[in-house]
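All remarks here apply to the structure that follows.
The values are calculated or read from the model by the stated rules, or taken from the named source; none is laboratory data. From a predicted model like this one, the values you see are computed outputs, not experimental measurements. Virtual Cβ from ideal backbone geometry, glycine too; neighbours counted across all protein chains shown. In case anyone asks, the SASA skips ligands and DNA or RNA and just uses the protein heavy atoms, side chains included. Shrake-Rupley method; radii C 1.70, N 1.55, O 1.52, S 1.80 Å.
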Amino acid sequence: MTVAVLGAGPAGMAAALGVLKAGHDVVVYERYREARPAGNILNLWPPPLKALRALGVDTEDLGTPTDTQFRNLRGRVRVTVKLDEAVRATYGGGFIGLLRPALYERMLAALPADVLRFDQRVTRFEADDRAVTLHFADGTTAEHDVLIGADGIDSLVRRTLWGDSPKREHRLHIVGGYTYAEVPGTTPNSCVLTHGPAVQGSWTSIPGGHQWWVLAATDPAAPPPPDPHRVAAALAEGFPAPLPGLIAATDPAHVQRWVLRDRVPLTQWSVGRVTLAGDAAHATSPYAAYGAGMSIEDGYFVGRALRGVDLADADAVRVALQSYEDPRKPHTARQVQQAWLLGKVFHHTPAPLRPLRDFVFDHTPFLQKVAGDTNPGEISKQLALIED
């Protein structure tokens, strides 16, 4: 009895590990010739770290634990992310800062080599009560008992199940990079997000150095800038140290830029023997700092749902996949929508209203309750759902 996974990103690799832990055979089909990290910088909250450990991934020294604050341009603290003390004791702080290739290396090391099939482009599939049939670009086919679509925001599996839907443009872009240079103004084990009137500039500790990003409004239809490093430096003008220094010290080869898009959350992920995971189910803006993390959690939970299930039994598979998605949808939809709304508030508030917005953020507990208190509570809930 075999499970097919489309996509070798964090969702696909986690799903494969989860299926193996459930006692089933699995094959991961990846259209590219290798598992390619989509981006350079990354943060992972405690729940995906716990899920990775449960899936057999080595997380020792994977990243640098951090404490997180939101500040204004003058350094006034608007938010302190307050995690439960037991969580802090176990994970060393809030999320860990790391580079995305490091996560891929650890997850690939945990997977048996024969699970991954690269350079395999699936063009369509059919599913019935008996099996799922995959059709490849080279004319071959393969049959499996279950299909997990972990094939990203442009998912073939999602499109086949639910039809095409437009991407939601945030009209924002992010430029991010990393450096191992020593830059004055940094503090160990820190993540600081600073908001100006319409630009966010942030930095995070990573093993041996720091990652940074700047986030601002853009026209998604405009051609990409020829020099993202110069764009980042310009956006960071006027921000307090160490952000401008970190950008200046970064090799332009270590800088990437991407446009923020997502999709409105689905109300149903699964049909029969087929389900979704990761961005295919809930494409998330980086403003949530949780896209890759939720993808990893999906892989853990779909594997757990398939434990002890006879994959030849179509009804048993359907019930198992529904039990996987039902608890995930409220959590993931909340993160997607909150990221969307925060982007609008911080970057698309009309200029005349920005002083009022900033007064509320600086002199009321509103932002602390939304980002500093509610999110940690959600993190604790997710941790409790993941087995040790």
(message) As an exercise: evaluate ARG88 against (1) under 30 Å from VAL360 (Cβ atoms); (2) in contact (Cβ under 8 Å) with a residue 12 or more places away in the chain and give the number of the one condition it does not meet.
(response) (2)
(request) Only residues that are assigned to a helix (DSSP H, G or I) and open to solvent by less than 10 Å² (accessible area, probe 1.4 Å): list them for the stretch 304-318, please. (result) VAL317
(message) Could you tell me how many of the residues in the stretch 172-204 are aliphatic (A, V, I, L, M) and either free of Cβ contacts under 8 Å to residues at least 12 places away in the same chain or assigned to a strand (DSSP E or B) (or both)?
(response) 5
(request) For the stretch 189-207, indicate whether the set of residues that are open to solvent by less than 40 Å² (accessible area, probe 1.4 Å) and touching a Cys at 6+ places or on another chain (Cβ under 6 Å) is non-empty. (result) yes
(message) Looking only at the stretch 355-378, filter to residues that are aliphatic (A, V, I, L, M) and closer than 19 Å to TRP45 by Cβ; which one of those is nearest to the chain's Cα centre (by Cα)?
(response) ALA371
(request) Please find, among ALA216, ALA232, the residue that is touching a helix residue (DSSP H, G or I) at 6+ places or on another chain (Cβ under 7 Å), among the small types (Gly, Ala, Ser), assigned to a strand (DSSP E or B) and surrounded by 16 or more Cβ atoms within 10 Å (Cβ to Cβ). (result) ALA216
(request) May I ask you to verify whether PHE301 is outside any loop (DSSP other than H, G, I, E, B) and open to solvent by 10 Å² or more (accessible area, probe 1.4 Å)? (result) yes
(request) Taking ALA38 as the residue in question, decide whether it is open to solvent by 50 Å² or more (accessible area, probe 1.4 Å), in a loop (DSSP other than H, G, I, E, B) and at pLDDT below 95. (result) yes
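The rows are residues; the columns are (1) among the charged types (D, E, K, R); (2) over 30 Å from ALA181 (Cα atoms).
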{"residue": "PRO242", "(1), (2)": "no, no"}
{"residue": "ILE247", "(1), (2)": "no, no"}
{"residue": "ALA253", "(1), (2)": "no, no"}
{"residue": "GLN256", "(1), (2)": "no, no"}
{"residue": "ARG263", "(1), (2)": "yes, yes"}
{"residue": "GLY278", "(1), (2)": "no, yes"}
{"residue": "SER285", "(1), (2)": "no, no"}
(message) Name the residue that is farthest from LEU342 (Cα to Cα), counting only residues in the stretch 272-298 that are open to solvent by less than 10 Å² (accessible area, probe 1.4 Å) and among the charged types (D, E, K, R).
(response) ARG273
(request) Please go through the stretch 235-247 and pick out each residue that is of a type in the set (Gly, Ala, Ser), open to solvent by 20 Å² or more (accessible area, probe 1.4 Å) and either assigned to a strand (DSSP E or B) or without any contact (Cβ under 8 Å) to a residue 60 or more places away in the chain (or both). (result) ALA241
(request) Among the residues of the stretch 81-96, write down those that are open to solvent by 50 Å² or more (accessible area, probe 1.4 Å) and not in a loop (DSSP other than H, G, I, E, B). (result) GLU85, ALA86, ARG88, ALA89, THR90
